[in-house]
Amino acid sequence: MKLVISDASTLILLTKSELILPLLSKFKIIIPNEVYLEILKGKEKGKQDAYQIDYLVKQNKILIKQPKEETVSLINNLCVLDIGELYAIALAKDLNLSILIDDKKGINTCNLFNIYFLTALQILKLLYKHKFVSKAKALNSLYNLKKNGRYKENEVKIIYDFLKGGYYE
Amino acid sequence: MNKKYSSISLRLENDLVEKIEQVSRLEDIEKSVIYRQSIKKGIKEILKELAIKLYVEEKLTISGAARLSDMYIGDFMELLGKRGIKNELPDEYMRMADKNAEKLFKKINKLNSPKKKVIYKVNKYKK
């Protein structure tokens, strides 16, 4: 099972777009405790996606690990990030893993530290390409990603054309 | 848990004071309660607007902005969506992410590909 790190916003996006379970069939997601606490805030407010993520944490499908404090300090000295993104990026650096992140400031930091990053859109495209989701499901997920992910029209169009021209019914 | 309170004095416009007195009469609630509720609601809105502004100006990340506005990240993303605020990721970043994704899934395919069948040749000796 391959491992990947995630920040809170992309994890929420993937859950709202019903892509989290297909992704977890091939990957284990790792988050720092700071991201988990951000998710739990949604649970306090009765959000369904937060309940689902918490359930997956309890099922050990999503793992919680902490980065080294010196890595956190190193990144914190160079970049202004919120605690969730900071710890998630530090964890990706420590474990030398890719990170799922949609935040521009966070991605700037990933580039600075040569950390591989993916957004929720790439996950959708590849889950479809590798036949982990059907065309109908992928189109439905794209609609949700467009609504919640606020991607630019041209980016959504590229994925839409890819899904429409794809082969997996 | 008991909340701590501080006393402040401030000057308000007369029409605002009249409106608060009106609400107090209609709801039969103390004026001080209405003042407190109004400030509480007002500051929530001010923080929300400030968080959006700082996010758009790229001074805060999405989780930082959600934290400032005391909102769940999922709700804050929805709010940005309703305001038509796009996630302005440069095209270059998306192409980089595409490449990274291909590499990541290539590894998965390798892991999942069936192992090559090893055919053992057996020497058959004639008796």
Residue by residue through region B:35-51, which ³J(HN,Hα) values in whole Hz follow from phi under the Karplus form 6.51 cos²θ - 1.76 cosθ + 1.60 (θ = phi - 60°), with glycine and proline marked x?
4, 4, 4, 5, 5, 4, 5, x, 5, 4, 5, 4, 5, 4, 5, 5, 4
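Evaluate peptide A:83-91: per residue, the Cβ atoms of other protein chains within 10 Å of its Cβ; return the mean as an integer. Walk me through the numbers on the way to the answer.
On the way: counts 4, 7, 4, 3, 0, 1, 0, 0, 0.
Taking the mean over all residues of the peptide, I get 2.
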Name the trypsin sites (Lys or Arg not before Pro) in region A:14-64 that are in a loop by DSSP and that have at most 12 other C-beta atoms within 10 Å, would you?
A:Lys45
Give me a single rounded figure for A:111-119: the average over its residues of other chain Cβ atoms within 10 Å of their Cβ.
4
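For region B:46-110, which chymotrypsin sites (Phe, Trp or Tyr not before Pro) pass both filters: DSSP loop (anything but H, G, I, E, B) and at most 16 other C-beta atoms within 10 Å? Intermediate results must be reported in sequence, preceding the final value.
Values: sites: B:Tyr55, B:Tyr72, B:Phe76, B:Tyr93, B:Phe105; in loops: B:Tyr72.
The qualifying sites: there are none.
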Report the Cα centroid-to-centroid distance between region A:75-143 and region A:5-40 in angstrom, as an integer.
10 Å
Would you please give the residues with an amide H less than 5 Å from that of A:Ile30, counting only those at least 5 places away or on a separate chain, with H modeled from the backbone geometry?
A:Val4, A:Ile5, A:Ser6, A:Leu63
Trypsin sites (Lys or Arg not before Pro) restricted to DSSP loop in region A:73-146 with at most 13 other C-beta within 10 Å
A:Lys131
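Compactness ratio of chain A: Cα Rg over 2.2 N^0.38 Å, N = residue count?
Scaled against compact globular proteins, the figure is 1.02.
FYI, it's all coordinate maths here, none of it is from the lab. It should be emphasised that the depicted structure is a prediction, and the values quoted were computed from it without experimental measurement. Because the Cβ atoms are built from the backbone with ideal geometry, glycine has one as well, and the counts that use them run over all protein chains shown.
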